[in-house]
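Student: The following block contains the structure, expressed as structure tokens.
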């Protein structure tokens with residue numbers, strides 16, 4: 001698996017898109033810091049970008065890579081290699097190179113502007129961690145979509161729909177149900193509902209570090225109690241890890257049974 | 001300005017007269033002096049004498065000062081009440097208490113024991129006291145024309161029901177409270193039926209309930225005070241003619257904490273204050289004809305939360321910086337005016353370069369309206385979906401009051417000249 005991972009990784013490292021992606025974050029980081037000149041404020045703006053863009057790019061890039069390397073995959077399948085090795089190797093290659101572009105691309109400008117001196121270092125670290133998690137989650141989901149759909153157009157459609165659902169529609173449904181059932185106690189419901197969407201979960205995780213004052217309202221107390229403690233953070237991160245593990249396990253399962 | 005100086009001048013003149021006209025003597029209190037206890041010293045003193053307490057520990061309670069005199073401590077003598085009750089009670093005009101260290105005031109559930117209580121007196125001066133382990137600190141009851149200056153009150157309150165207030169005024173008027181530091185009591189400074197008072201340069205922090213709390217107290221002036229880290233911030237209710245200038249309200253966090261809670265405050269000025277990192281900067285309820293000018297609202301959860309029945313208020317030249325919500329409003333009716341403010345969330349442009357945005361700013365977002373109705377939805381804060389509905393509401397307001405706009409939003413942060 002490591003060999004395939006290495007191959008995919010180097011393949012992507014050589015490709016233009018990784019550089020474009022890396023350059024985008026590099027420029028974004030520098031521009032944000034140039035405009036704000038305040039590391040903490042830049043972290044807030046960055047959160048909005050990461051929450052929306054990272055899943056989108058993870059999904060699109062993942063599905064694109066899967067379809068593009070289909071012929072090569074076919075070649076590999078003819079070799080005496082385990083199927084799970086091939087697909088997991090490809091998956092980790094893509095996810096690793098994407099998260100590396102993210103971490104390094106954003107890391108350089110922030111380090112240059114003195115993140116180590118600032119007290120925003122933990123917020124920034126958490127931001128990068130959730131960004132990396134989101135990349136792994138959405139790339140895995142997009143590989144699942146690719147494996148299940150031979151038709152590229154359909155695959156792309158599903159991938160975009162997945163992102164749209166997680167980033168926008170899910171919150172809309174959640175908001176509607178909160179408003180419709182406003183007469184009932186909804187604290188636990190909203191907490192649980194946020195666990196089922198990795199984008200929401202990472203958003204709340206970062207929010208609790210940044211927008212704490214708004215969340216201190218009387219409902220915020222519960223969220224604060226839950227997410228604010230080390231147990232809450234631990235739990236949220238394990239849920240994010242589950243969000244990686246389950247799709248990866250699904251990749252293995254589908255890859256094993258699939259008729260190529 | 002002159003209005004505030006006059007009582008000061010009167011006081012100084014009065015003190016000067018009292019010391020020059022009458023031949024004042026000094027009675028020393030110490031273990032080997034003519035008076036061994038403070039009570040004895042007070043008894044032996046004639047009107048307008050000075051009782052000078054030398055350094056030492058005096059275990060005394062119920063010291064009654066019933067004649068005009070100066071009770072002065074030398075190098076902070078310690079008066080230990082041994083938790084037995086009230087320590088100094090003043091029932092005469094023209095009394096000065098200066099430079100004492102008072103500890104262990106008794107706690108009671110039926111009587112409000114205080115370290116220093118002034119009853120129905122005028123022209124008092126209470127200064128340079130240090131109070132610790134207290135129930136009530138300085139309690140002014142039906143007194144007037146006095147001054148509470150440069151005292152340090154450090155409580156150890158944990159619960160509301162068994163703790164008292166730092167400085168309390170009840171039916172007192174024309175009192176100056178200046179340069180005091182109050183912390184860890186129930187309410188730092190509490191005024192009830194206290195008119196025409198000046199509260200200047202005080203610091204009130206880490207109190208269990210309110211840093212400043214006043215009710216039914218009209219025509220008071222609050223200037224240059226700092227209220228920090230109090231359990232519920234500052235609450236001001238049922239008063240009119242209040243002037244609040246250049247105060248700082250900071251770090252009042254909690255489920256029911258406000259930088260400042262205004263309830264039924266009318267015809268007042270709130271100018272040049274800083275509200276920073278509070279859950280709610282100002283919570284306004286039933287307040288009319290209040291002018292908010294040159295204030296800074298920085299990094300609050302809500303900068304201003306308007307709960308209704310607020311009419312003819314003017315918000316002018318304030319800075320709203322990085323608040324999660326600038327304004328929350330619970331009705332569709334608006335009679336308040338927003339003008340010339342700077343909003344860090346403003347995204348408009350300024351083509352004619354006159355420093356004023358060309359499109360009006362709508363401070364109430366749809367999401368803040370939603371959160372008002374279903375508080376749990378705060379969990380969706382900063383979600384893309386919320387940004388989308390906020391944007392569509394901005395374009396065509398349906399739920400938020402459509403005349404609630406700042407038609408002249410500033411493009412650059414306003415620099416207030418503070419001195």
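The values are calculated or read from the model by the stated rules, or taken from the named source; none is laboratory data. Given the structure is predicted, the values throughout are model-derived calculations rather than measurements. Note that we place each Cβ from the backbone using ideal geometry, even for glycine, and neighbour counts take in every protein chain shown.
Student: I need a count of the residues in the stretch A:150-176 that are in contact (Cβ under 8 Å) with a residue 12 or more places away in the chain and more than 7 Å from chain B (Cβ to nearest Cβ). Steps first, please.
Tutor: Keep residues of the stretch A:150-176 that are in contact (Cβ under 8 Å) with a residue 12 or more places away in the chain, which gives A:152, A:155-156, A:158-160, A:162-163, A:166-167, A:170-171, A:174.
Adding the requirement that they be more than 7 Å from chain B (Cβ to nearest Cβ) leaves A:152, A:155-156, A:158-160, A:162-163, A:166, A:170.
Total meeting the criteria: 10.
Every residue, every condition in (1) away from every other protein chain (no Cβ under 14 Å); (2) within 28 Å of residue A:157 (Cα to Cα); (3) at pLDDT 85 or above; (4) surrounded by fewer than 17 Cβ atoms within 10 Å (Cβ to Cβ), yes or no:
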position	(1), (2), (3), (4)
A:64	yes, yes, yes, no
A:81	yes, no, no, yes
A:86	yes, yes, yes, no
A:89	yes, yes, yes, no
A:92	yes, yes, yes, no
A:98	yes, yes, yes, no
A:104	yes, no, yes, yes
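Student: Looking at the stretch A:178-195 only, could you name the residues that are touching a helix residue (DSSP H, G or I) at 6+ places or on another chain (Cβ under 8 Å) and more than 10 Å from every other protein chain (Cβ to nearest Cβ)?
Tutor: A:195
Student: Filter the stretch B:377-409 down to residues that are in a helix (DSSP H, G or I) and more than 32 Å from the chain's Cα centre (by Cα), then give me how many there are.
Tutor: As a first pass, look at the stretch B:377-409 and keep what is in a helix (DSSP H, G or I): B:377-380, B:384-395.
From what is left, the residues that are more than 32 Å from the chain's Cα centre (by Cα) are B:377, B:379-380, B:384-395.
Summing the residues that are in a helix (DSSP H, G or I) and more than 32 Å from the chain's Cα centre (by Cα) in the stretch B:377-409 gives 15.
Student: Going through B:323, B:341 one at a time, which residue ends up being more than 10 Å from chain A (Cβ to nearest Cβ) and touching a strand residue (DSSP E or B) at 6+ places or on another chain (Cβ under 9 Å)? Break it down into steps so the answer makes sense when it comes.
Tutor: Numbers: B:323 fails: more than 10 Å from chain A (Cβ to nearest Cβ).
None of the others qualify; the one that does is B:341.
Student: Next up: What's the number of the only condition in (1) at pLDDT 90 or above; (2) surrounded by 20 or more Cβ atoms within 10 Å (Cβ to Cβ) that residue B:286 fails to meet?
Tutor: In the conditions (1) at pLDDT 90 or above; (2) surrounded by 20 or more Cβ atoms within 10 Å (Cβ to Cβ), residue B:286 misses (2) alone.
Student: Let me ask something additional. Restricting to the stretch B:106-117, name every residue that is free of Cβ contacts under 8 Å to residues at least 40 places away in the same chain and either within 14 Å of residue B:78 (Cβ to Cβ) or assigned to a strand (DSSP E or B) (or both).
Tutor: Residues satisfying the conditions are B:115, B:116, B:117.
Student: Here's something else I'd like to know. Taking residue A:222, is it more than 7 Å from chain B (Cβ to nearest Cβ), modelled with pLDDT under 70 and assigned to a helix (DSSP H, G or I)?
Tutor: Details: more than 7 Å from chain B (Cβ to nearest Cβ): yes; modelled with pLDDT under 70: yes; assigned to a helix (DSSP H, G or I): yes.
Spelling it out, residue A:222 is indeed more than 7 Å from chain B (Cβ to nearest Cβ), modelled with pLDDT under 70 and assigned to a helix (DSSP H, G or I).
Student: Does residue A:233 meet the test of being within 13 Å of another protein chain (Cβ to nearest Cβ), touching a helix residue (DSSP H, G or I) at 6+ places or on another chain (Cβ under 9 Å) and at pLDDT 75 or above?
Tutor: Answer is no for this residue.
Student: Limited to the stretch B:270-307, what total is found for residues that are in contact (Cβ under 8 Å) with a residue 60 or more places away in the chain and either on the phi < 0 side of the Ramachandran plot or within 14 Å of chain A (Cβ to nearest Cβ) (or both)?
Tutor: Looking only at the stretch B:270-307, we keep the residues that are in contact (Cβ under 8 Å) with a residue 60 or more places away in the chain, and these are B:272, B:294, B:296, B:302.
Restricting the remaining residues to those that are either on the phi < 0 side of the Ramachandran plot or within 14 Å of chain A (Cβ to nearest Cβ) (or both) gives B:296, B:302.
Residues that pass the stated criteria total 2.
Student: For residues in the stretch B:233-247 being touching a strand residue (DSSP E or B) at 6+ places or on another chain (Cβ under 7 Å) and assigned to a loop (DSSP other than H, G, I, E, B), which is surrounded by the fewest Cβ atoms within 10 Å (Cβ to Cβ)? Full working, then the answer.
Tutor: Just the residues of the stretch B:233-247 that are touching a strand residue (DSSP E or B) at 6+ places or on another chain (Cβ under 7 Å), to begin with: B:233-240, B:242-247.
Still in the list and also assigned to a loop (DSSP other than H, G, I, E, B): B:242, B:246-247.
Working: B:242: 21, B:246: 19, B:247: 27.
Per the criteria, the residue is B:246.
Student: For the stretch B:344-364, which residues satisfy the criterion of being touching a strand residue (DSSP E or B) at 6+ places or on another chain (Cβ under 7 Å) and either closer than 16 Å to residue B:403 by Cβ or at pLDDT 90 or above (or both)? Let's see the steps before the verdict.
Tutor: From the stretch B:344-364, those touching a strand residue (DSSP E or B) at 6+ places or on another chain (Cβ under 7 Å) are B:344-346, B:348, B:350, B:355-356, B:360-361, B:363-364; that's our starting set.
Those that are touching a strand residue (DSSP E or B) at 6+ places or on another chain (Cβ under 7 Å) and either closer than 16 Å to residue B:403 by Cβ or at pLDDT 90 or above (or both): B:350, B:355, B:356, B:360, B:361, B:363, B:364.
Student: Which one of B:198, B:225, B:202, B:247 is away from chain A (no Cβ under 14 Å), in contact with a helix residue (DSSP H, G or I) (Cβ under 6 Å, 6 or more places away or on another chain) and within 21 Å of residue B:147 (Cβ to Cβ)?
Tutor: On the way: B:225 fails: in contact with a helix residue (DSSP H, G or I) (Cβ under 6 Å, 6 or more places away or on another chain); B:202 fails: in contact with a helix residue (DSSP H, G or I) (Cβ under 6 Å, 6 or more places away or on another chain); B:247 fails: in contact with a helix residue (DSSP H, G or I) (Cβ under 6 Å, 6 or more places away or on another chain).
So the residue among B:198, B:225, B:202, B:247 that is away from chain A (no Cβ under 14 Å), in contact with a helix residue (DSSP H, G or I) (Cβ under 6 Å, 6 or more places away or on another chain) and within 21 Å of residue B:147 (Cβ to Cβ) is B:198.
Student: Within the stretch A:20-36, count every residue that is without any contact (Cβ under 8 Å) to a residue 12 or more places away in the chain and surrounded by 14 or more Cβ atoms within 10 Å (Cβ to Cβ).
Tutor: Counting residues in the stretch A:20-36 that are without any contact (Cβ under 8 Å) to a residue 12 or more places away in the chain and surrounded by 14 or more Cβ atoms within 10 Å (Cβ to Cβ) gives 1.
Student: Same structure, new question: Only one residue in B:252, B:230, B:300 is under 12 Å from the mean Cα position of the chain (by Cα), surrounded by 20 or more Cβ atoms within 10 Å (Cβ to Cβ) and in a loop (DSSP other than H, G, I, E, B). Which one?
Tutor: Only one candidate qualifies: B:230.
Student: Go through B:241, B:259 for me and flag whichever is closer than 25 Å to residue B:331 by Cβ and modelled with pLDDT under 95. Quick ask: steps written out before the conclusion?
Tutor: On the way: B:241 fails: closer than 25 Å to residue B:331 by Cβ.
Selected residue: B:259, the only one of B:241, B:259 that is closer than 25 Å to residue B:331 by Cβ and modelled with pLDDT under 95.
Student: Right, another one. Which residues, taken from the stretch B:198-217, are in a loop (DSSP other than H, G, I, E, B) and surrounded by fewer than 24 Cβ atoms within 10 Å (Cβ to Cβ)? Give the steps one after another, and end with the answer.
Tutor: Going through the stretch B:198-217, the residues in a loop (DSSP other than H, G, I, E, B) turn out to be B:201-202, B:206-211, B:216-217.
Listed by number, the residues that qualify are B:201, B:206, B:208, B:209, B:216.
Student: Within the stretch A:47-62, restricting attention to residues that are in contact with a helix residue (DSSP H, G or I) (Cβ under 6 Å, 6 or more places away or on another chain) and within 12 Å of chain B (Cβ to nearest Cβ), which residue is farthest from residue A:138 (Cα to Cα)?
Tutor: A:47
Student: I've got another one for you. Residues B:377, B:383: which one is within 14 Å of chain A (Cβ to nearest Cβ), surrounded by 14 or more Cβ atoms within 10 Å (Cβ to Cβ), without any contact (Cβ under 8 Å) to a residue 12 or more places away in the chain and within 23 Å of residue B:321 (Cβ to Cβ)?
Tutor: Numbers: B:377 fails: within 23 Å of residue B:321 (Cβ to Cβ).
Only one candidate qualifies: B:383.
Student: Also, I was wondering about something else. Looking at A:250, A:201, A:242, which one is at pLDDT 85 or above and within 12 Å of chain B (Cβ to nearest Cβ)? Break it down stepwise before answering.
Tutor: Numbers: A:250 fails: within 12 Å of chain B (Cβ to nearest Cβ); A:242 fails: within 12 Å of chain B (Cβ to nearest Cβ).
Just a single option satisfies the conditions, and that option is A:201.
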